[in-house]
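Heads up, the thing below is written out as structure tokens.
The values are calculated or read from the model by the stated rules, or taken from the named source; none is laboratory data. No experiment lies behind these values; they were computed from the predicted model shown. Ideal geometry is used to build each Cβ from the backbone, glycine not excepted, and the neighbour counts take in all protein chains shown.
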């Protein structure tokens, strides 16, 4: 089986697990752990995301962050993401894939990124939606300086092993309702 087929199969399993965990009241515990994981990074530029479908919700943590916060904007296929400045209550419009993005806002270059995902494994690899946006983005941000990339998910989204290829970027950690797991 080729890598794309392996990833497609893994996505099916992870989507199902995420759907089963979503709406079970786990977000509050995960948000508390995410706040703790961000301690020491209070003023750093942060990238979060506006949750879609059954993604775990980071918005309360983003709203409480003391530094600038950006949310991802998809510029086009094969490109890295841009992060646009977000504040609670700012005007939002529908972006690609139905995710809300700020209608206006200056670009934010994050040093900490809360990364949405479909699945993850104990090695720190994530399985996304398949567009490679976060892999390109994390590679570029890491080339520019220190970066903390934290996956954000439900425990149920952990897979035995995420199929990877050469461009896949490893996370520095994953935050779930059980806590923070760092990947050395």
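For segment 36-52, a residue qualifies if it is touching a residue at least 12 places away in the same chain (Cβ under 8 Å) and surrounded by fewer than 14 Cβ atoms within 10 Å (Cβ to Cβ), and the qualifying residues are 36, 42, 43, 52.
Of the residues making up segment 148-184, those that are under 13 Å from residue 34 (Cα atoms), touching a strand residue (DSSP E or B) at 6+ places or on another chain (Cβ under 7 Å) and outside any loop (DSSP other than H, G, I, E, B) are 148, 149, 150, 151, 152, 173, 174, 175, 180, 181, 182.
Looking only at residues of segment 37-63 that are touching a strand residue (DSSP E or B) at 6+ places or on another chain (Cβ under 7 Å) and outside any loop (DSSP other than H, G, I, E, B), we find that the one that is farthest from residue 89 (Cα to Cα) is 37. Of the residues contained in segment 59-72, one or more are found to be surrounded by 13 or more Cβ atoms within 10 Å (Cβ to Cβ), within 20 Å of residue 125 (Cβ to Cβ) and under 14 Å from the mean Cα position of the chain (by Cα). Applying the set (1) in contact with a helix residue (DSSP H, G or I) (Cβ under 8 Å, 6 or more places away or on another chain); (2) within 17 Å of residue 134 (Cβ to Cβ); (3) not in a helix (DSSP H, G or I) to residue 14 leaves exactly one unmet item: (3). The set of residues in segment 86-132 that are loosely packed, with under 14 Cβ neighbours inside 10 Å and over 25 Å from residue 42 (Cβ atoms) comprises 91, 93, 94, 97, 98, 103, 104, 122, 123, 130. I need the full set of residues from segment 173-184 which are under 13 Å from the mean Cα position of the chain (by Cα) and either buried (at least 20 other Cβ atoms within 10 Å of the Cβ) or closer than 22 Å to residue 99 by Cβ (or both), in order please. Matches in segment 173-184: 174, 175, 176. Return yes when residue 128 is free of Cβ contacts under 8 Å to residues at least 24 places away in the same chain and touching a helix residue (DSSP H, G or I) at 6+ places or on another chain (Cβ under 8 Å) and no when it is not. Yes; evaluated as a whole, the condition is true for this residue. Assessment of segment 91-106 against the conditions (touching a helix residue (DSSP H, G or I) at 6+ places or on another chain (Cβ under 9 Å) and assigned to a loop (DSSP other than H, G, I, E, B)) yields no matching residue.
The set of residues in segment 21-35 that are surrounded by 13 or more Cβ atoms within 10 Å (Cβ to Cβ) and in a helix (DSSP H, G or I) comprises 21, 27, 29, 30, 31, 32, 33, 34, 35.
Of all the listed residues (35, 53), the sole one being under 17 Å from the mean Cα position of the chain (by Cα) and modelled with pLDDT under 95 is 53.
Condition check for residue 66 on (1) within 16 Å of residue 44 (Cα to Cα); (2) out of contact with any helix residue (DSSP H, G or I) (no Cβ under 6 Å at 6 or more places or on another chain); (3) assigned to a strand (DSSP E or B): one failure, at (3). Scanning segment 137-162 for residues that are in contact (Cβ under 8 Å) with a residue 40 or more places away in the chain, more than 11 Å from residue 123 (Cα to Cα) and surrounded by 18 or more Cβ atoms within 10 Å (Cβ to Cβ) turns up 137, 148, 150, 152, 153, 154, 156, 157.
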